[in-house]
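Working notes, structure below.
Every number here is computed from the coordinates shown, using simple stated rules; none is lab data. Bear in mind the structure is a predicted one, so any value in this text is a computation, not a measurement. Virtual Cβ from ideal backbone geometry, glycine too; neighbours counted across all protein chains shown.
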Amino acid sequence: MNAVDATEHHGTSANDPAPSLLAVIIDTNPHAWALLEKSLPLSKGIANILVFINAHLACNYANEVAVVASHSQKATWLYPHENQPQQRQPRTDQDGDISMNNNNNNIVGESAQVNKYRPFRIVEEQVTRNLRELMDSTTSADVQATTATMMAGALTLALSHINRRSIAWAEVHGADTSVTDATQTTSSGRSGGSGSGGRAVTGSEGLQSRVLIISVSGSADSAHQYIPMMNGIFACQRLHIPIDVCKLSGDAVFLQQASDATRGVYMSLSEPRGLLQYLMMAFLPDQRSRRHLVLPSRVDVDFRAACFCHRRVVDIGFVCSICLSIFCEPPENGNCLTCGTHLEMSEYGAKPAVVARKKKKKKARANGPSGTATPTPTSTPGP
Ligand SMILES: [Zn+2]
Ligand SMILES: [Zn+2]
């Protein structure tokens with residue numbers, strides 16, 4: 001079935017490069033944006049991001065975009081938003097809020113929208129409207145409750161969307177891998193029914209997906225999401241989805257690992273006002289173009305992990321030999337908190353026995369080759 005599809009579409013799709021799907025995760029943490037207010041207010045940041053999204057959509061008529069907000073108490077879709085009608089009529093009918101905000105923001109002028117390229121307009125409208133709704137629904141109690149951002153949830157939402165779109169794209173355009181590589185065709189044919197999603201994403205000519213995280217929160221707030229975050233990162237690594245990270249403030253530990261593990265671009269902006277320029281220069285090229293470019297990547301990646309018991313970022317920890325869980329201190333009674341295996345701690349914590357040397361070295365001794373030799377080994381005390 002797929003093979004037949006591929007031959008049918010081969011003639012039309014061979015010349016056109018496969019479109020790319022860009023999933024943008026915007027960290028909308030109110031705490032962090034409040035700190036950035038002077039250099040880059042949220043409204044300006046969103047405007048820059050929208051221009052960047054338009055540029056991505058303009059690269060190829062079939063390019064797709066998805067926008068997820070990683071907010072303080074939830075992760076939510078900004079675009080595409082399934083529950084909302086596509087037409088503009090119900091939006092203007094709702095109440096007076098929208099027109100009032102239009103006047104304030106001066107971004108969405110009704111008359112200016114008429115001649116705008118339709119895909120640009122739809123994305124802009126939905127993103128600004130959904131973001132406004134998200135901000136309006138955020139109460140002061142929500143803001144006070146936490147300073148974290150739901151990055152792991154947002155990454156999961158983006159990944160699920162990418163998976164869905166990849167499968168849909170592969171169904172419409174046939175077996176993508178068969179175009180380039182015969183060996184890949186046979187392997188994909190074998191895994192046909194069950195692993196269609198994985199095949200669609202890993203194929204070099206399938207829908208090219210990537211994730212861009214625009215992050216403002218620090219790492220201290222995200223340590224408790226370590227495990228879901230790493231699961232998302234490993235899923236991206238497996239599916240060959242690069243995670244690009246554009247850091248506007250602070251420095252998040254796990255995002256460095258995310259871009260390093262998935263071969264994405266990591267940039268920590270020293271000047272957030274230049275966001276659009278950074279986005280255009282470093283983050284616009286898709287995977288196909290990136291093969292020919294030298295992209296900024298981070299050399300000194302922070303590889304620290306968070307312990308599973310307290311979600312503290314640790315330099316040195318204890319690892320369960322069965323499930324590889326990380327602990328900052330030996331678990332109680334030696335039982336792993338994750339898998340429950342009793343771990344043999346033997347003599348951990350006991351002070352090492354100090355064995356007195358038999359004799360002091362002689363003071364006067366020529367610096368011959370024997371001078372560096374270790375003293376006669378004393379037998380370690382047996383159990
Ligand atoms: Zn701990
Ligand atoms: Zn374990």
message = Taking loop as defined by DSSP and a crowding limit of 10 other beta carbons within 10 Å, which trypsin sites (Lys or Arg not before Pro) in the stretch 262-299 fit?
response = Arg291
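How large is the Kirkwood hydrodynamic radius of the stretch 304-345, in angstrom, based on all distinct alpha carbon pairs? All intermediate terms of the calculation are to be shown ahead of the outcome.
Numbers: mean 1/r = 0.0991 Å⁻¹.
That comes to 10.1 Å for the stretch 304-345.
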ask   = Can you list the equivalent-ellipsoid semi-axes of the stretch 214-310, largest first and in whole Å, using the square root of 5 times each Cα gyration tensor eigenvalue?
value = 23, 17, 10
